[in-house]
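Chemist: Mind looking over this structure? Questions follow.
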Amino acid sequence: MRVTSEGYIEIPRALRERLGWEPETEVRLEVEGDSVRILPVAPTAERSAPKRASLLEEPFFGMWRDREDLADSTEWVRRIREREWTRR
């Protein structure tokens, strides 16, 4: 195993499989004297699931509320598709 000029080290597949490391596994490095340990970062709820804001907090929510032609969004999409797809 070698360190590339960019500083990368490839961990062999057999070792990754043995450790159960999937692609995108986060790791951290610990230096102990002249040695380095590669340890997986324990997933936290914050890391594992990105926080999503409620739609009610989104600035675009309800912005077309007063437009009668958009009251039924499904029908609006149908009309747009029909108009655009029949042009071809």
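The values are calculated or read from the model by the stated rules, or taken from the named source; none is laboratory data. Keep in mind that what you see is a predicted model, and the values were worked out from it rather than measured. With ideal geometry, Cβ positions are generated from the backbone for all residues, glycine too; neighbour counts draw on all protein chains shown.
Chemist: Answer yes or no: is there a residue in the range 2-14 that is on the phi > 0 side of the Ramachandran plot and at pLDDT 90 or above.
Modeler: Yes, because at least one residue in the range 2-14 is on the phi > 0 side of the Ramachandran plot and at pLDDT 90 or above.
Chemist: Against the condition surrounded by 10 or more Cβ atoms within 10 Å (Cβ to Cβ) and at pLDDT 90 or above, how does Leu19 come out, does it pass?
Modeler: yes
Chemist: Do you know which residues across the range 19-35 are within 16 Å of Ile9 (Cα to Cα) and not charged (D, E, K, R)?
Modeler: Listed by number, the residues that qualify are Trp21, Pro23, Thr25, Val27, Leu29, Val31, Ser35.
Chemist: Name the single residue, out of those in the range 68-81 being loosely packed, with under 10 Cβ neighbours inside 10 Å and under 34 Å from the mean Cα position of the chain (by Cα), that is modelled with the lowest pLDDT.
Modeler: Among those that are loosely packed, with under 10 Cβ neighbours inside 10 Å and under 34 Å from the mean Cα position of the chain (by Cα), it is Ser73.
Chemist: Scan the range 25-40 and tell me whether some residue there is surrounded by 10 or more Cβ atoms within 10 Å (Cβ to Cβ), of a type in the set (D, E, K, R) and either assigned to a helix (DSSP H, G or I) or modelled with pLDDT under 85 (or both).
Modeler: No, every residue in the range 25-40 fails to be surrounded by 10 or more Cβ atoms within 10 Å (Cβ to Cβ), of a type in the set (D, E, K, R) and either assigned to a helix (DSSP H, G or I) or modelled with pLDDT under 85 (or both).
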